[in-house]
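Colleague: Quick one: the structure is below, questions incoming.
The values are calculated or read from the model by the stated rules, or taken from the named source; none is laboratory data. Please read these numbers as outputs of a predicted model, since none were measured by experiment. Because the Cβ atoms are built from the backbone with ideal geometry, glycine has one as well, and the counts that use them run over all protein chains shown.
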């Protein structure tokens, strides 16, 4: 009988496997134990700190300073817990409550740390800093966010862009518009959503995007135009639908016109329903089918005999009940 | 007797060392995938505070999604399933249920519950569909966007194609009616499309076992390990192979398999590849392979991404009979797809998919049961005939089973460090126990079933879809559903 492995080798492998398995079991158990301990400690801490954060969030101006004293003296886990509670709440509040929570974070030293982390060498830290600065009611945050919106990291730029939109401040608009071109590396859905969040100030500026040379900018502009009620949006959308070279822009324009329900757009939509691009045809016909029948009866009757089955189907759609 | 001994001796002279090397390689490659997955999870955890999901959930710029749900005799769960999908958190999604010629009251229940009305317009013809479409039903209400396509029975793939035909949004997600979907599933699985709309063509969501979980109104509210040992082992198996394995492949940009229970695709790409192959047993695998082939051949940059956060829950087979049928079908599908796309294997034109993923699937997935069973037969024979020493037998057990056990434990460590969904102490004990017991019979049995599936494919036996009795995760009596998806 040939011996393929000396018994010492088999023994070493046996010991190695046993040790590896035991270590893995011990590791997973210790990790579970540590997480449990951390969890229960965090729960006790939260039970203590959460009422203080809530009290500060709804405090009147004269009582706020007293409420903040407790946060100024916090250190370590307690401070991180207060930060975490206040930050989570900031996503859902506005107005005075937002301002008060900003004071809570200032008392915890969060804002100072976030500002200093905007220049950190670690992208994740810069991104976290941008997220915090976008949540708080703090005018100086904008300049940091505008800088981070030009960051070398795609991830940081995206978070900063989103944060600029959330800040809702007029100074943020230039930074957001700068992120619109596809070359910015920020996803269009992020920039567009940010511009929508800052709609109060972005509506007027958005219209300029219709004439941009970048199709991505024109497309996002066409989508946004109907949502932010950009001044002069309707004629620009009609022009984009009729003349833009890029089918995706024309589709976006047709969908925006559908939302605006403008009678002036019926001829352009009818013409687009015969476009070479099937997506444009379907979007235009779908839009026409949602308009009041008095505006579109004739054109839809015609389109119901279109050679493309998708067009015939879209033209035959009945408006849904409101 | 001497002839047998001589043959065995020749086999051992040739295979003894390669057999051990094979098991070392398979376990090490799994360990490498787990390491890649853990790196990704760590990166993901550091970014959890700024994912932007809230913003996406409210944004009209988020890409629209068509949820396509095939349904065959699902009368007991269909309303809960459709409601849970309609209620998913997403700004723009439509639901298309395709009734695949159910013989129960699935269709009537849908019509009555959602007040559907017939839609007599012409059908779009974007994809060929074999089963005759009998009627389209739509919701007249603007509160939810629901379409029901009623067609003759023609199988899951053809049914999904019928749904894709009616899909109007930019993204299409295919879900099983018997799966439970997490409320943020669409947000999570569509995120790669929002982050990289130019390149992302498909994403897969992780499917976890719902057995043992507490479910309320179609949502998993408490995660727990099942009581049955068979289901426990599958939970651990899903963790290791599906969650961590696929995350690892996704990190290598070589994900070739997206679960049929939750896969999201760009609609234009789905139409370009012609939808699912109605003749394929492993239709989900086949579809992803076809997408890889299309994108590589046309030299377009692309990504197929796996989203590891829990999004979908499905019941794993609770009985041996159903599990056996499922594994035979999976392995048969694996063989058929690998054979169909054999030209891509070791073909540098297909990049890491052709040079790494497909060879891995051939060697460590398709041939694994053959080699495992060969070892289990040959090593005891070799010992009986005195052809190998007990030291070799022990070495074989160590590199195949002890190392395999360690790999599963490593997967449990990563799960504990990342998602830690099985939170109770007894669940942890169950996981470790299942990881151990998996090696004592389960692995060997599944290897036999997988070989049977392969053999059936080679013989060209017709594949039958079975049914399994669900132990009941909904607050209803036991109901009957199709076998779970991988």
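Colleague: Just give me the residues in the range A:1-28 being more than 7 Å from chain B (Cβ to nearest Cβ), at pLDDT 95 or above and touching a helix residue (DSSP H, G or I) at 6+ places or on another chain (Cβ under 8 Å), in sequence order.
Modeller: Matches in the range A:1-28: A:18 only.
Here's the yes/no breakdown for (1) under 22 Å from residue B:237 (Cα atoms); (2) in a helix (DSSP H, G or I); (3) within 14 Å of chain A (Cβ to nearest Cβ):
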residue: B:415; (1), (2), (3): yes, yes, yes
residue: B:420; (1), (2), (3): yes, no, yes
residue: B:429; (1), (2), (3): yes, yes, yes
residue: B:447; (1), (2), (3): yes, yes, no
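Colleague: Taking residue A:166 as the residue in question, decide whether it is within 13 Å of another protein chain (Cβ to nearest Cβ), in a helix (DSSP H, G or I) and closer than 16 Å to residue A:228 by Cβ.
Modeller: Judged against the criteria, residue A:166 is a match.
Colleague: Further, regarding this structure: For residues that are over 16 Å from residue B:420 (Cβ atoms) and surrounded by 12 or more Cβ atoms within 10 Å (Cβ to Cβ), tally how many sit in the range A:26-47.
Modeller: Number satisfying all stated conditions: 3.
Colleague: Test residue A:117 against the criterion of being within 16 Å of the chain's Cα centre (by Cα) and under 24 Å from residue A:87 (Cα atoms), and give yes or no.
Modeller: Taking the combined requirement at face value, the residue does not satisfy it.
Colleague: Confirm whether residue A:86 is in a loop (DSSP other than H, G, I, E, B) and touching a residue at least 24 places away in the same chain (Cβ under 8 Å).
Modeller: no
Colleague: Kindly indicate which of A:159, A:266 is within 14 Å of chain B (Cβ to nearest Cβ) and either assigned to a helix (DSSP H, G or I) or under 20 Å from the mean Cα position of the chain (by Cα) (or both). Spell out the reasoning first.
Modeller: Details: A:266 fails: within 14 Å of chain B (Cβ to nearest Cβ).
The match here is A:159.
Colleague: Provide a single number: the residues in the range B:65-101 that are in a loop (DSSP other than H, G, I, E, B) and within 14 Å of chain A (Cβ to nearest Cβ).
Modeller: 3
Colleague: Out of A:256, A:275, A:230, which single residue is part of a loop (DSSP other than H, G, I, E, B) and crowded, with 23+ Cβ neighbours inside 10 Å?
Modeller: A:230
Colleague: I've got another one for you. Please work out which one of (1) touching a helix residue (DSSP H, G or I) at 6+ places or on another chain (Cβ under 8 Å); (2) crowded, with 22+ Cβ neighbours inside 10 Å; (3) within 18 Å of residue B:311 (Cα to Cα) is the condition residue B:57 fails and give its number.
Modeller: (2)
Colleague: While we're looking at this one, here's another question. In the range A:92-123, what residues are within 20 Å of residue B:54 (Cβ to Cβ), in a helix (DSSP H, G or I) and in contact (Cβ under 8 Å) with a residue 12 or more places away in the chain?
Modeller: Let us first name the residues in the range A:92-123 that are within 20 Å of residue B:54 (Cβ to Cβ), namely A:92-95, A:97-98, A:101-102, A:105, A:110, A:114.
From what's left, in a helix (DSSP H, G or I): A:95, A:97-98, A:101-102, A:105, A:110, A:114.
The answer is A:97, A:98, A:101, A:102, A:105, A:110, A:114.
Colleague: Could you list, in sequence order, the residues of the range B:91-113 that are touching a helix residue (DSSP H, G or I) at 6+ places or on another chain (Cβ under 6 Å) and loosely packed, with under 15 Cβ neighbours inside 10 Å?
Modeller: Within the range B:91-113, just B:113 meets the criteria.
Colleague: Could you pull out the residue among A:159, A:189 that is without any contact (Cβ under 8 Å) to a residue 12 or more places away in the chain and under 15 Å from residue B:194 (Cβ atoms)?
Modeller: Of the residues listed, the single one that is without any contact (Cβ under 8 Å) to a residue 12 or more places away in the chain and under 15 Å from residue B:194 (Cβ atoms) is A:189.
Colleague: Select the strands (runs of 3 or more DSSP E) contained entirely in the range B:114-210, then report the ones holding at least 2 residues which are surrounded by fewer than 20 Cβ atoms within 10 Å (Cβ to Cβ) and more than 10 Å from chain A (Cβ to nearest Cβ).
Modeller: Strands (runs of 3 or more DSSP E) meeting the threshold: B:133-138.
Colleague: To continue, here is another question. Any residue at all in the range A:186-200 that's within 26 Å of the chain's Cα centre (by Cα), farther than 29 Å from residue A:299 by Cα, in a loop (DSSP other than H, G, I, E, B) and within 11 Å of chain B (Cβ to nearest Cβ)?
Modeller: Residues of the range A:186-200 that are within 26 Å of the chain's Cα centre (by Cα), as a first pass: A:186-200.
Still in the list and also farther than 29 Å from residue A:299 by Cα: A:186-200.
Going one step further and asking which of them are in a loop (DSSP other than H, G, I, E, B), we end up with A:186-187, A:198.
Adding the requirement that they be within 11 Å of chain B (Cβ to nearest Cβ) leaves A:186-187.
The answer is yes; a qualifying residue exists.
Colleague: Just wondering, is there one or more residues in the range B:42-64 that are more than 13 Å from chain A (Cβ to nearest Cβ) and touching a strand residue (DSSP E or B) at 6+ places or on another chain (Cβ under 9 Å)?
Modeller: Within the range B:42-64 (the criterion being more than 13 Å from chain A (Cβ to nearest Cβ) and touching a strand residue (DSSP E or B) at 6+ places or on another chain (Cβ under 9 Å)), the answer is no, since none of the residues qualifies.
Colleague: Examine the range A:296-307 for a residue that is within 18 Å of residue B:268 (Cβ to Cβ) and assigned to a helix (DSSP H, G or I), and state whether such a residue exists. Give the derivation first.
Modeller: Of the residues in the range A:296-307, the ones within 18 Å of residue B:268 (Cβ to Cβ) are none.
For the range A:296-307, residues within 18 Å of residue B:268 (Cβ to Cβ) and assigned to a helix (DSSP H, G or I): absent.
Colleague: So for the range B:249-257 (the condition being buried (at least 22 other Cβ atoms within 10 Å of the Cβ) and under 28 Å from residue B:86 (Cα atoms)), does at least one residue qualify?
Modeller: Scanning the range B:249-257, I find at least one residue that is buried (at least 22 other Cβ atoms within 10 Å of the Cβ) and under 28 Å from residue B:86 (Cα atoms), so the answer is yes.
Colleague: I'm trying to understand the selection: among the residues of the range B:389-405, which are at the interface with chain A (Cβ under 7 Å from one of its Cβ atoms) and either over 17 Å from residue B:29 (Cβ atoms) or free of Cβ contacts under 8 Å to residues at least 24 places away in the same chain (or both)?
Modeller: Those that are at the interface with chain A (Cβ under 7 Å from one of its Cβ atoms) and either over 17 Å from residue B:29 (Cβ atoms) or free of Cβ contacts under 8 Å to residues at least 24 places away in the same chain (or both): B:389, B:391, B:392, B:394, B:395, B:398, B:402.
Colleague: Okay, moving on. Please determine, by comparing only the residues of the range A:201-217 that are in a helix (DSSP H, G or I) and within 14 Å of chain B (Cβ to nearest Cβ), which one is surrounded by the fewest Cβ atoms within 10 Å (Cβ to Cβ).
Modeller: The qualifying residue surrounded by the fewest Cβ atoms within 10 Å (Cβ to Cβ) is A:215.
Colleague: How many residues does the range B:262-283 contain that are touching a strand residue (DSSP E or B) at 6+ places or on another chain (Cβ under 7 Å) and crowded, with 24+ Cβ neighbours inside 10 Å?
Modeller: Count: 5.
Colleague: Another one. Output the number of the condition that residue A:91 fails; it satisfies all remaining conditions of (1) within 11 Å of chain B (Cβ to nearest Cβ); (2) surrounded by 16 or more Cβ atoms within 10 Å (Cβ to Cβ); (3) closer than 29 Å to residue A:52 by Cβ.
Modeller: Result: residue A:91 passes all but (2).
Colleague: May I pose another question? Right, residue B:122: at pLDDT 95 or above, closer than 27 Å to residue A:278 by Cα and over 23 Å from the mean Cα position of the chain (by Cα) or not? So that I can check it myself, show each step before the final result.
Modeller: On the way: at pLDDT 95 or above: no; closer than 27 Å to residue A:278 by Cα: yes; over 23 Å from the mean Cα position of the chain (by Cα): yes.
Considered against the rule, which asks whether it is at pLDDT 95 or above, closer than 27 Å to residue A:278 by Cα and over 23 Å from the mean Cα position of the chain (by Cα), residue B:122 comes out as no.
Colleague: I would also like to ask the following. Take residue B:36 and tell me if it is farther than 22 Å from residue B:165 by Cα, assigned to a helix (DSSP H, G or I) and more than 14 Å from chain A (Cβ to nearest Cβ).
Modeller: yes
Colleague: Further question on the same structure: Residue A:173 fails exactly one of the following numbered conditions: (1) within 13 Å of chain B (Cβ to nearest Cβ); (2) part of a helix (DSSP H, G or I); (3) in contact (Cβ under 8 Å) with a residue 12 or more places away in the chain; (4) in contact with a helix residue (DSSP H, G or I) (Cβ under 8 Å, 6 or more places away or on another chain). What is the number of that condition?
Modeller: Looking at each condition in turn, residue A:173 falls short on (1).
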